[in-house]
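Read through the structure below, which is laid out as structure tokens, and then see the notes.
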Amino acid sequence: MLATCLALAVLSAGPAAGEPPAFAALAGQLGARTSLERDRAQQALARLGPGILPNLRPLAFSPDPEVRRRARALADQLER
């Protein structure tokens with residue numbers, strides 16, 4: 001439920017300035033119900049590259065522990 005609320009908040013806010021169009025949808029899927037959906041979203045976000053870091057960093061403080069963990073792991077990966 002919390003992941004759904006986060007996804008809705010991210011999606012309803014619309015893309016932030018400089019945010020790739022797919023970012024909001026993929027970010028919302030980091031808290032998806034199945035691990036397959038979460039894995040696919042994380043991989044797709046990684047393919048967007050380091051340019052998403054400014055938009056990704058706030059997700060590292062998500063109330064959803066799965067979103068937090070994946071956002072932090074992805075940020076670490078993109079910063080290398």
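Since every read-out is calculated from the coordinates, none of them should be taken as a lab result. Since we're looking at a predicted model, the values are computed, not measured.
Pull out the extension gain between Phe61 and Ala44, defined as 0.36 nm times the separation in residues minus the alpha carbon to alpha carbon distance; nm, one decimal.
Gain in length upon complete extension: 4.1 nm.
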### Query
Want the number for Glu37 to Arg72: 0.36 nm per residue separation, take away the alpha-carbon distance, what's left?
10.8 nm
